[in-house]
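The values are calculated or read from the model by the stated rules, or taken from the named source; none is laboratory data. Note that the structure is predicted; figures quoted are calculated from it, not measured. When we count neighbours, we look across all protein chains shown, and the Cβ atoms used for this are built from the backbone with ideal geometry, even at glycine.
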Amino acid sequence: MGEATPAEVRLGDVRLRNRLVTSSSLLGYGVADRGLVPYGMSPISRFVPLHRFGAVTTRTLTVQPRDGHFTNRTDWPLRGLPDLLRRYGTVLRGTDGGWINAFGWCNVGIEAYLRDYYPRTRDQNTIISIGGFSAQEFVTLVDAVNATVPAGEIAAVEFNVSCPNVEHDFESILDGVLRDAVGRSRHPVILKLAPDRDYVSHARRAAAAGVAALTAINTVRALRLDPATGQPWLDNRYGGLSGRAVKPIGLRVVSELRESGVTLPIIATGGIRSYDDCREYFWAGADAVSLGSATWLASYPGYALSPLRGLQIRALLRRIERYTPPAARFGEVRAQPVADYRS
Ligand SMILES: Cc1cc2nc3c(=O)[nH]c(=O)nc-3n(C[C@H](O)[C@H](O)[C@H](O)COP(=O)(O)O)c2cc1C
């Protein structure tokens, strides 16, 4: 990662270039498939230098490639575009000041990611998000990352044991995942928390298992129906709510974690778009903040403003690089600048 800059911070063992990171998914694997449209990535990302972020989190990767509730196909001819957009509308919709999605872990699989995408993102600081349906799958994923990525080359591996639109009882595997997979990783592990679950208990169990940091929050399980027909908007019926609508929920979760005495560093994500959003989360107890749907998603016509949005994100990056969070509001949990950490 080169020389430490003043903005660099450590959250426990997680080393970030600054306190502003990007959330899992909306930037895909951190690099576009070749072509005019950055397939799998927000068009806004074209106008932002991703290597400037504290870290870029990949979309969640599984052992095998998955279509999830969408598709992994990237070779759509122009005449197939209407079908593609129709499908897209069954997994992602704008709603009530936010977005509801159910991609269901649509991804190329860990092997293809490490082979085809990761080598093209070496200029970035990466958090690799992994998800599985058993402790054994998490072990397999951790082993795959260990085998390809030397220690210190990425910021962390993020465990997604909390997705609300993959129909699985994650609660039943959490302890096994923490027991079997955390200590095995040669990279720091971040646990991503669900706002719909007992996140305080999960955070405590994570700390006991050696997890380095927490990400809060994953999307909020949600439902929209067509009022005329009663049909669900999304093919999966339930989806995950994100964006501005969930910001107060994200703030509640971060604040409650701190009030409960959780001292692990927290990366906050939930409706963040502006500098004041970031400051609010820092006050609540976050150590870093993460840009998700409020920053990267727009209506189709809204994407025409991508260059402008890119400028806004660059300005936000500059401000966060210079920002020092308020002195420890919740005890000894603040991340230290790297310079202090070493001295
Ligand atoms: C379209 C979409 C896809 C997402 N996919 C993932 C995913 O693959 N893995 C994951 O951990 N979180 C995923 N998330 C959740 C985000 O990383 C984030 O936790 C959540 O959206 C809350 O932050 P936000 O309101 O800033 O978007 C996804 C969110 C959206 C909107």
Looking at ARG184, ARG205, ARG197, can you tell me which residue is in contact with an Asp or Glu (Cβ under 9 Å, 6 or more places away or on another chain), over 28 Å from LEU114 (Cβ atoms) and assigned to a loop (DSSP other than H, G, I, E, B)? ARG197
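Go through segment 112-143 and give me each residue that's in a helix (DSSP H, G or I) and either more than 14 Å from THR60 (Cα to Cα) or over 20 Å from the mean Cα position of the chain (by Cα) (or both).
Step one: of segment 112-143, the residues in a helix (DSSP H, G or I) are 112-121, 135-143.
Once the filter is applied, which keeps residues that are in a helix (DSSP H, G or I) and either more than 14 Å from THR60 (Cα to Cα) or over 20 Å from the mean Cα position of the chain (by Cα) (or both), segment 112-143 yields ARG115, ASP116, PRO119, ARG120, THR121, ALA135, GLN136, VAL139, THR140, ASP143.
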Report, ordered by the first and then the second residue, all pairs with beta carbons closer than 6 Å, sequence separation of six or more or different chains, a first member in segment 108-119 that is closer than 15 Å to ASP143 by Cα, and a second member that is among the hydrophobic types (A, V, I, L, M, F, W, C). ILE110/LEU61; ILE110/LEU141; ILE110/ALA144; TYR113/LEU61
Might you check whether a residue that is more than 30 Å from ALA207 (Cβ to Cβ), touching a helix residue (DSSP H, G or I) at 6+ places or on another chain (Cβ under 9 Å), at pLDDT 90 or above and among the hydrophobic types (A, V, I, L, M, F, W, C) occurs anywhere in segment 19-34? yes
Of the residues that sit in segment 70-103 and are touching a residue at least 24 places away in the same chain (Cβ under 8 Å) and more than 11 Å from the ligand (Cβ to nearest atom), which one is farthest from PRO248 (Cα to Cα)? THR74
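Name every residue in segment 239-280 that is β-branched (Val, Ile, Thr) and closer than 19 Å to ASP196 by Cβ, in order of residue number. I'd like the intermediate steps shown before the answer.
If we filter segment 239-280 for residues that are β-branched (Val, Ile, Thr), which is where we start, we get 246, 249, 253-254, 262-263, 266-267, 269, 272.
Within segment 239-280, VAL246, ILE249, VAL253, VAL254, VAL262, ILE266, ILE267, THR269 meet the criteria.
Look through GLY270, GLY261, GLY243 and report the one residue that is within 13 Å of the ligand (Cβ to nearest atom), within 29 Å of ASP13 (Cβ to Cβ) and small (Gly, Ala, Ser).
Values: GLY261 fails: within 13 Å of the ligand (Cβ to nearest atom); GLY243 fails: within 29 Å of ASP13 (Cβ to Cβ).
Exactly one residue qualifies, and that residue is GLY270.
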Quick one: how many residues across segment 213-228 are more than 30 Å from PHE282 (Cβ to Cβ) and either under 16 Å from the mean Cα position of the chain (by Cα) or crowded, with 16+ Cβ neighbours inside 10 Å (or both)? 1
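Restricting segment 266-277 to residues that are crowded, with 24+ Cβ neighbours inside 10 Å and in contact (Cβ under 8 Å) with a residue 40 or more places away in the chain, which is nearest to ARG17 (Cα to Cα)?
The initial filter retains those residues of segment 266-277 that are crowded, with 24+ Cβ neighbours inside 10 Å, namely 266-272.
Pick out the ones that are also in contact (Cβ under 8 Å) with a residue 40 or more places away in the chain and you get 266-271.
On the way: ILE266: 16, ILE267: 13, ALA268: 16, THR269: 17, GLY270: 21, GLY271: 22 Å.
Filtering segment 266-277 for residues that are crowded, with 24+ Cβ neighbours inside 10 Å and in contact (Cβ under 8 Å) with a residue 40 or more places away in the chain, the one nearest to ARG17 (Cα to Cα) comes out as ILE267.
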Where a residue in segment 228-245 is without any contact (Cβ under 8 Å) to a residue 40 or more places away in the chain and assigned to a strand (DSSP E or B) and its partner, wherever it lies, is of a type in the set (A, V, I, L, M, F, W, C) and more than 14 Å from the ligand (Cβ to nearest atom), with Cβ under 7 Å and at least six apart: PRO232/LEU223; PRO232/LEU225
In segment 280-304, which residue that is in contact (Cβ under 8 Å) with a residue 40 or more places away in the chain, away from the ligand (no atom under 14 Å from the Cβ) and in a helix (DSSP H, G or I) is nearest to GLY54 (Cα to Cα)? PHE282
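Residue-wise test of (1) modelled with pLDDT of 95 or more; (2) among the aliphatic types (A, V, I, L, M); (3) within 16 Å of the ligand (Cβ to nearest atom).
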| position | (1), (2), (3) |
| --- | --- |
| ASN125 | yes, no, no |
| SER129 | yes, no, yes |
| ALA147 | yes, yes, no |
| PRO164 | no, no, yes |
| PHE170 | no, no, yes |
| ILE173 | yes, yes, yes |
Selected residue (criterion: nearest to the ligand (Cβ to nearest atom)) from residues of segment 1-18 that are of a type in the set (A, V, I, L, M, F, W, C) and modelled with pLDDT under 90: ALA7
